[in-house]
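This report refers to the structure that appears directly beneath it.
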Amino acid sequence: MSFTITPHASPVSTQTREKTLEDPGFGRVFTDHMVTMRWSTGQGWHDGKVTARAPLAIDPACAVLHYAQEVFEGMKAYRTAKGEIVLFRPDMNATRFARSAERLAMPVMPEPLFIQAVEELVRIDKDWVPSGAGSLYLRPFMFASEAFLGVRPAQEYIFCVIACPVGPYFKGGDKPLKLWVSDKYTRAAPGGTGAAKCGGNYAASLIAQAEAAEHGCDQVVFLDAAEHRWIEELGGMNLFFVMNDGSIVTPPLTGTILPGITRTSLIEIARGFGMKVSEAPYTLDQWRADAESGKLSEAFACGTAAVVASIGEIVSSSGSFRVKNAQGATVASKLKEQLVGIQRGSIADSHGWVRKI
């Protein structure tokens, strides 16, 4: 598709932008431009534009406001030590975006078009990509824009990409996370939308996350919907458990867990190091027993936003326990170092994961 490009008439000044990039925080400061496209049953994908970032005008009867047809992605652009700007495995984001859309009865965007739209935004806002430890967080999303009230898939959609420069996701640097186990709320159930990256999943998780905050915790751990025994994932991150024999366990993708791209990449990296990785069910009771006996060496969470974060303490209504080696999480550190090195170009990309823009 050919995108119409209209540069911002009054972009943020170089001085202001550079000051912002010194400490951008996470998700609060946005770049100058955005990408939009439309889809309708009669025209398919059309009207691709790169314009100044601005509010979207929607009708009060816009379908997304009433029936929540909305999906999104989270990905990053990095500036390498050589000054190149790269994306990390954007094909996987495109694939997951398509699967999420399909699950919510929305139009599927072809992979090349998805990647093209993302790259258009990165190119025009390339000066917003931080160097050093920062990155440019990219948020492609799509929502039902047809004005109607009725329970059926919409016939019109808007796709948009926005971006924000970001620093660390969690405040406090590499301090191990403190987690709250939710025994009251469920993130997803078999047959639901757990494997789709849609806003409704996150909306349903917010009350549990608020409960975690009330208990002084950083994140919430969700258990399975049927037995409330099996570990699934955090509110926005996948989980890994490292045993004292060096083997790694992570909950399997059974349709209730989001298939994280960082998760998949870490599994491939670990196996490349010769580590045994099992995608196998793991209960909260096992976690507690293994931590207390010393069988569990480390536990960590991962995701695009936070990358890899060690876990130190787990709190629940039945008591708390600690992962003893949280401060010296060597496996988590080793995997993170390799992943970040590939993303930023300091380690050779033997997998073909990095895409230069």
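The values are calculated or read from the model by the stated rules, or taken from the named source; none is laboratory data. All figures in this text were calculated on a predicted structure; none of them were measured in a lab. Note: ideal-geometry Cβ built from the backbone for every residue, glycine included; neighbour counts use all protein chains shown. In case anyone asks, the SASA skips ligands and DNA or RNA and just uses the protein heavy atoms, side chains included. Shrake-Rupley method; radii C 1.70, N 1.55, O 1.52, S 1.80 Å.
Only one of these is outside any strand (DSSP E or B), at pLDDT 95 or above and more than 20 Å from THR4 (Cα to Cα): VAL118, VAL86, VAL122, VAL151. Name it. Lay out the reasoning, then the answer.
Numbers: VAL118 fails: more than 20 Å from THR4 (Cα to Cα); VAL86 fails: outside any strand (DSSP E or B); VAL122 fails: more than 20 Å from THR4 (Cα to Cα).
After applying the criteria, what remains is VAL151.
Listed here are the residues, each with its yes/no results for (1) within 19 Å of the chain's Cα centre (by Cα); (2) in contact (Cβ under 8 Å) with a residue 60 or more places away in the chain.
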residue	(1), (2)
ASP218	yes, no
ASN238	yes, yes
VAL242	no, yes
ILE257	yes, yes
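Let me spell it out: the conditions are (1) at pLDDT 95 or above; (2) within 23 Å of ASN201 (Cα to Cα), and VAL307 meets all of them except one. Which number is the exception?
Of (1) at pLDDT 95 or above; (2) within 23 Å of ASN201 (Cα to Cα), only one is false for VAL307: (1).
Tell me which residues, restricted to the stretch 3-20, are outside any loop (DSSP other than H, G, I, E, B) and not hydrophobic (A, V, I, L, M, F, W, C).
Here is the first cut: in the stretch 3-20, the residues outside any loop (DSSP other than H, G, I, E, B) are 4-5, 14-20.
If the condition is that a residue be outside any loop (DSSP other than H, G, I, E, B) and not hydrophobic (A, V, I, L, M, F, W, C), then THR4, THR14, GLN15, THR16, ARG17, GLU18, LYS19, THR20 are the ones that fit.
Keeping to the stretch 132-174, report how many residues are aromatic (Phe, Trp, Tyr), touching a helix residue (DSSP H, G or I) at 6+ places or on another chain (Cβ under 8 Å) and open to solvent by 20 Å² or more (accessible area, probe 1.4 Å).
Within the stretch 132-174, the first condition is being aromatic (Phe, Trp, Tyr), and the residues that meet it are 137, 141, 143, 148, 157, 159, 169-170.
Pick out the ones that are also touching a helix residue (DSSP H, G or I) at 6+ places or on another chain (Cβ under 8 Å) and you get 143, 148, 159.
Within this subset, residues satisfying the condition of being open to solvent by 20 Å² or more (accessible area, probe 1.4 Å) are 148.
Final tally of qualifying residues: 1.
Output the qualifying pairs, or none if there are none: Cβ atoms under 6 angstrom, residues six or more apart or on different chains, first residue in the stretch 173-197 and on the phi > 0 side of the Ramachandran plot, second residue in a loop (DSSP other than H, G, I, E, B) and open to solvent by 40 Å² or more (accessible area, probe 1.4 Å).
Final answer for the pair search is none.
Which count do you get for residues in the stretch 217-239 that are in contact with a helix residue (DSSP H, G or I) (Cβ under 7 Å, 6 or more places away or on another chain) and under 18 Å from ILE269 (Cα atoms)?
Qualifying residue count, the stretch 217-239: 1.
List pairs: first residue in the stretch 131-152 and over 18 Å from VAL108 (Cβ atoms), second residue basic (Lys, Arg) and open to solvent by 20 Å² or more (accessible area, probe 1.4 Å) anywhere in the structure, Cβ distance under 6 angstrom, at least six positions apart or on different chains.
Taking only residues 6 or more apart or on different chains, the pairs are SER131/ARG79.
Looking only at the stretch 101-115, filter to residues that are outside any helix (DSSP H, G or I) and open to solvent by 10 Å² or more (accessible area, probe 1.4 Å); which one of those is nearest to GLY191 (Cα to Cα)? If you could, list the steps in order and put the result at the bottom.
The first filter runs over the stretch 101-115 and keeps only residues outside any helix (DSSP H, G or I), leaving 104-110.
Narrowing further to those that are open to solvent by 10 Å² or more (accessible area, probe 1.4 Å): 104-108, 110.
On the way: LEU104: 12, ALA105: 14, MET106: 17, PRO107: 20, VAL108: 20, PRO110: 25 Å.
It comes out as LEU104.
Restricting the search to the stretch 21-73, which residues are over 24 Å from GLU102 (Cβ atoms), in contact (Cβ under 8 Å) with a residue 24 or more places away in the chain and among the small types (Gly, Ala, Ser)?
Matches in the stretch 21-73: GLY25, GLY27, ALA52, ALA61.
Provide a single number: the residues in the stretch 289-304 that are surrounded by 19 or more Cβ atoms within 10 Å (Cβ to Cβ) and not polar (S, T, N, Q).
9
Please identify the pairs in which a residue from the stretch 344-357 that is of a type in the set (D, E, K, R) has its Cβ atom under 6 Å from the Cβ atom of a residue that is open to solvent by 50 Å² or more (accessible area, probe 1.4 Å), counting only partners at least 6 apart or on another chain.
What qualifies is LYS356/GLU84.
Yes/no matrix, rows are residues, columns are (1) closer than 20 Å to GLU102 by Cα; (2) aromatic (Phe, Trp, Tyr):
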| position | (1), (2) |
| --- | --- |
| ILE158 | yes, no |
| ALA163 | no, no |
| PHE170 | no, yes |
| TRP180 | no, yes |
| PRO190 | yes, no |
| GLY200 | yes, no |
| ILE207 | no, no |
| GLN219 | no, no |
| PHE222 | no, yes |
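Taking ALA329 as the residue in question, decide whether it is of a type in the set (Gly, Ala, Ser), modelled with pLDDT of 95 or more, buried (at least 22 other Cβ atoms within 10 Å of the Cβ) and under 28 Å from ALA208 (Cα atoms). Can you show your working first?
Working: of a type in the set (Gly, Ala, Ser): yes; modelled with pLDDT of 95 or more: no; buried (at least 22 other Cβ atoms within 10 Å of the Cβ): yes; under 28 Å from ALA208 (Cα atoms): yes.
Here the answer is no, as ALA329 does not meet what is asked.
Is it fair to say PRO55 is outside any strand (DSSP E or B) and buried (at least 17 other Cβ atoms within 10 Å of the Cβ)? Step through it out loud before you land on a result.
Numbers: outside any strand (DSSP E or B): yes; buried (at least 17 other Cβ atoms within 10 Å of the Cβ): no.
Judged against the criteria, PRO55 is not a match.
If I filter the stretch 332-353 down to residues being surrounded by 19 or more Cβ atoms within 10 Å (Cβ to Cβ), aliphatic (A, V, I, L, M) and touching a helix residue (DSSP H, G or I) at 6+ places or on another chain (Cβ under 7 Å), which single residue comes out as nearest to ASP174 (Cα to Cα)? Working first, answer last.
Residues of the stretch 332-353 surrounded by 19 or more Cβ atoms within 10 Å (Cβ to Cβ): 332, 335-336, 339, 342-344, 353.
Cutting the leftovers down to aliphatic (A, V, I, L, M) gives us 332, 335, 339, 342.
Next, only the ones that are touching a helix residue (DSSP H, G or I) at 6+ places or on another chain (Cβ under 7 Å) stay: 335, 339.
Numbers: LEU335: 14, LEU339: 16 Å.
So, considering only residues that are surrounded by 19 or more Cβ atoms within 10 Å (Cβ to Cβ), aliphatic (A, V, I, L, M) and touching a helix residue (DSSP H, G or I) at 6+ places or on another chain (Cβ under 7 Å), the one nearest to ASP174 (Cα to Cα) is LEU335.
Could you pull out the residue among ALA98, ALA81 that is open to solvent by 10 Å² or more (accessible area, probe 1.4 Å), modelled with pLDDT under 95 and either more than 18 Å from GLY44 (Cβ to Cβ) or not in a loop (DSSP other than H, G, I, E, B) (or both)?
Numbers: ALA98 fails: modelled with pLDDT under 95.
Being open to solvent by 10 Å² or more (accessible area, probe 1.4 Å), modelled with pLDDT under 95 and either more than 18 Å from GLY44 (Cβ to Cβ) or not in a loop (DSSP other than H, G, I, E, B) (or both) holds for just one of ALA98, ALA81, which is ALA81.
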